[in-house]
Amino acid sequence: MNRTATQLLTLVRREVLRFVRRPYNTFLPPIITNALYFAVFGVILGSRIGEIAGVSYIQFVLPGLVVLGAISDSFENASFTIFHGRWNEYIQAVTTSPMSHRSVVAAYVSASALRGIVTSLLIVGVGLVFTSVSVAHPLYLIAFVLVITTLFGGLGVIGGLWASDFDYLTVMNQFILRPLVFFGAVFYSLEVLPPLWRTVSLFNPMVYMVNGVRYGMIGVTEIEPTTSLLVLTGAAVAVLAVDLALFKRGYGLTE
Amino acid sequence: MTAPAIRTRELTKRYGDVQALAGLSLTVESGEFFGLLGPNGAGKTTFINTLVGLVDADGGEATVFGQDVEDDYREARDAIGLAPQEYNVDRFFPIHEVLEHKAGYHGVPEAEAEERAEDALKTVGIWDKRDTRFDWLSGGMKRRFMLARALVSDPDLLILDEPTAGVDVQLRHDLWEIINRMNDGGTTILLTTHYIEEAERLCDRVAIVDDGRKVEVATPDELMERGTDTVEIGLESPPATAPTLSVEGARDARMEDETLLVSAAGGSSLAPAIMRELEAAGHTVTSLDVRRASLEEVFVDMTRADHGGDTEVEMEVDA
């Protein structure tokens, strides 16, 4: 293995071990939260709602919950690890090392994306307790999950570099991400919205993510999936470029 | 010819109204044990942080073994092992893993990183604490660990920012021994310290910096030569007031406890002339001692002169 690969894998390993060794903080919360979602929205309310787009409500909601978990955890992982490292200054072990800026960004984003993917699988696992899970378009599903977790891992890097206090992390997660997801057609179909709100919803990037993963899982979407995938891929590349520029500039890291 | 371990030219850095570095130029040769002395706020840590990329200099240039710290940052940083003054250790992992990660960031493969972590922890004497997290180490062990982390990448340049601050005498001597061994093995050492004895005992050369500028660079002996010695002369019949001396270089003659004290730069060489003048004036000299200026006194003189003599300089002298 060459030197650059060793450096990259060391940081990825460190990041993965950090979240794997703390399952009560990292994996248990999405399991419990999603079990509650499935129980309340799927079983209790779902039985009264009936079918949407030809599938039961719980199956309709499942892809949205996967997206919710994937983006929350990939964003949270990157933002927390970078902010906490800055707060306690141990990130300096990385930033004063001979690692290239590109390797550092790749390691933080890929480890965070991996956490988002593991969370997605756990949510699917919880879903299996309540309903059957289908995969209509596996390649689309894999592509959407990879792009979404990479995009939010990259956004988490920006958040972690920008935050100057723990409050900033809460603000980003609770007041920006969560509302976008809840209005991102996780729990409802765009068809039920009045025309004006339906148009407004199309400016919410979460709508494209939720519909993309929904297409991959149950074969139903309200937005053309290939276009969504291309736009999200473009967004992910742009965010990674910003990450790289910030590390090169030493934003939030150097005096 | 080997490039200097550190070469900086006209480094400047300003924080708001504070000029932390004001055109600092220094050269540390490869293999040297170099001390950086200066009062608090002199710019020592800013200087070090510029070398490792934690501070962006406003101007000037810096190289480490000929590699520019900005343009060739990967090569420059690969050569450096840093033990900073403040604890900045990953609290999520036991200390042996922290060292393995640090070695890995320098491109050391996993199996070798484990061996290096073991060697480093054994070198500083805390191998039995390898599964402990940093927070649970005692103060002395934390200092030992900081040195271990700096060593684990096998650096050519070891930068130690006050490595013995707040540690007991025994540990300080242990750390000196380790650092000396590294230097004997060819590692260049840059040491900042508040303990003058440390610089006197360890360093080949020291730079005195103040207000972000270099005041002087010399060996500890050369610096002490420039200091003011005290010539202590016992007289058979001590007068109440000090006799007037005309020897050039002798100044501030005074009586203390019936002993004549004469301040003089280069006291040893002036002592015979002083004795001759005293005997010519009818005094009988019964004893003579020359107390050399300490590096601490030279340091205080130099930094005080730099501040117009009105600045309190904080330094510590270890017994």
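The values are calculated or read from the model by the stated rules, or taken from the named source; none is laboratory data. Treat the numbers as computed from the prediction; the structure is a model and nothing was measured. FYI the Cβ positions are ideal-geometry reconstructions off the backbone, even for glycines, and counts take in every protein chain you see. Ligands, DNA and RNA are excluded from the accessible area calculation, which covers all protein heavy atoms including side chains. Shrake-Rupley method; radii C 1.70, N 1.55, O 1.52, S 1.80 Å.
Worth a mention:
- Count of the stretch A:202-236 residues which are free of Cβ contacts under 8 Å to residues at least 40 places away in the same chain, among the aliphatic types (A, V, I, L, M) and open to solvent by less than 10 Å² (accessible area, probe 1.4 Å): 1
- Annotation note: of A:50, A:54, A:42, A:46, the sole residue that is in contact with a strand residue (DSSP E or B) (Cβ under 9 Å, 6 or more places away or on another chain) and open to solvent by 20 Å² or more (accessible area, probe 1.4 Å) is A:50.
- Sole residue being within 13 Å of residue B:96 (Cβ to Cβ), among the aromatic types (Phe, Trp, Tyr) and crowded, with 23+ Cβ neighbours inside 10 Å, chosen from B:145, B:134: B:145
- The single condition among (1) within 25 Å of residue A:93 (Cα to Cα); (2) in contact with a strand residue (DSSP E or B) (Cβ under 7 Å, 6 or more places away or on another chain); (3) outside any strand (DSSP E or B); (4) away from chain A (no Cβ under 14 Å) that residue B:39 does not meet is (1).
- Residues of the stretch B:4-17 satisfying the condition of being β-branched (Val, Ile, Thr) and either away from chain A (no Cβ under 14 Å) or exposed (fewer than 14 other Cβ atoms within 10 Å of the Cβ) (or both): B:6, B:8
- So residue B:57, is it in contact with a strand residue (DSSP E or B) (Cβ under 6 Å, 6 or more places away or on another chain), surrounded by fewer than 24 Cβ atoms within 10 Å (Cβ to Cβ) and small (Gly, Ala, Ser): yes
- Looking only at the stretch A:237-253, and only at residues there that are part of a loop (DSSP other than H, G, I, E, B) and surrounded by 15 or more Cβ atoms within 10 Å (Cβ to Cβ), the one that is nearest to the other protein chains (Cβ to nearest Cβ): A:250
- Scoring residue A:3 on the criteria (1) modelled with pLDDT of 90 or more; (2) open to solvent by less than 60 Å² (accessible area, probe 1.4 Å); (3) over 23 Å from the mean Cα position of the chain (by Cα) leaves a single failure, condition (2).
- Annotation: residue B:181 fulfils all but one of (1) surrounded by 18 or more Cβ atoms within 10 Å (Cβ to Cβ); (2) modelled with pLDDT under 95; the unmet one is (1).
- Of the helices (runs of 4 or more DSSP H) lying entirely inside the stretch A:38-126, the ones with 3 or more residues being away from chain B (no Cβ under 14 Å) are found at A:46-49, A:57-87.
- Restricting attention to the stretch A:172-188, the residues that are assigned to a helix (DSSP H, G or I) and either of a type in the set (Phe, Trp, Tyr) or surrounded by 13 or more Cβ atoms within 10 Å (Cβ to Cβ) (or both) add up to 9.
- In the stretch A:202-231, the residues that are in contact with a Phe, Trp or Tyr (Cβ under 7 Å, 6 or more places away or on another chain) and among the small types (Gly, Ala, Ser): A:212, A:216, A:228
- Going through (1) away from every other protein chain (no Cβ under 14 Å); (2) open to solvent by 30 Å² or more (accessible area, probe 1.4 Å) one by one, residue A:21 falls short only on (1).
- Answer residue from the stretch B:209-247, given it is in contact (Cβ under 8 Å) with a residue 12 or more places away in the chain and of a type in the set (Asp, Glu) and is surrounded by the most Cβ atoms within 10 Å (Cβ to Cβ) among those: B:210
- Identity of the residue in the stretch B:258-313, among the charged types (D, E, K, R) and at pLDDT below 70, that ends up least open to solvent (accessible area, probe 1.4 Å): B:306
- Matching residues, the stretch B:147-177, being within 14 Å of residue A:96 (Cβ to Cβ) and part of a helix (DSSP H, G or I): B:149, B:150
- Verdict on residue B:98 being farther than 23 Å from residue B:37 by Cβ, in a loop (DSSP other than H, G, I, E, B) and within 11 Å of another protein chain (Cβ to nearest Cβ): no
- The stretch B:76-128, residues that are more than 20 Å from residue B:178 (Cβ to Cβ) and within 26 Å of the chain's Cα centre (by Cα): B:76, B:77, B:78, B:86, B:88
- Subset of the stretch B:80-93 that is more than 7 Å from every other protein chain (Cβ to nearest Cβ) and surrounded by 19 or more Cβ atoms within 10 Å (Cβ to Cβ) - its residue that is farthest from residue B:63 (Cα to Cα): B:93
- Subset tally (residues that are on the phi < 0 side of the Ramachandran plot, of a type outside the set (Lys, Arg) and in a strand (DSSP E or B)) for the stretch B:219-252: 9
- Verdict on residue A:2 being within 14 Å of chain B (Cβ to nearest Cβ) and farther than 16 Å from residue A:73 by Cβ: yes
- Filter result for residue B:20 (outside any strand (DSSP E or B), buried (at least 23 other Cβ atoms within 10 Å of the Cβ) and either small (Gly, Ala, Ser) or on the phi > 0 side of the Ramachandran plot (or both)): no
- Test result for residue A:24, outside any helix (DSSP H, G or I) and farther than 21 Å from residue A:208 by Cβ: no
- The listed residue being farther than 13 Å from residue B:150 by Cβ, outside any strand (DSSP E or B) and more than 8 Å from every other protein chain (Cβ to nearest Cβ), out of B:50, B:63: B:50
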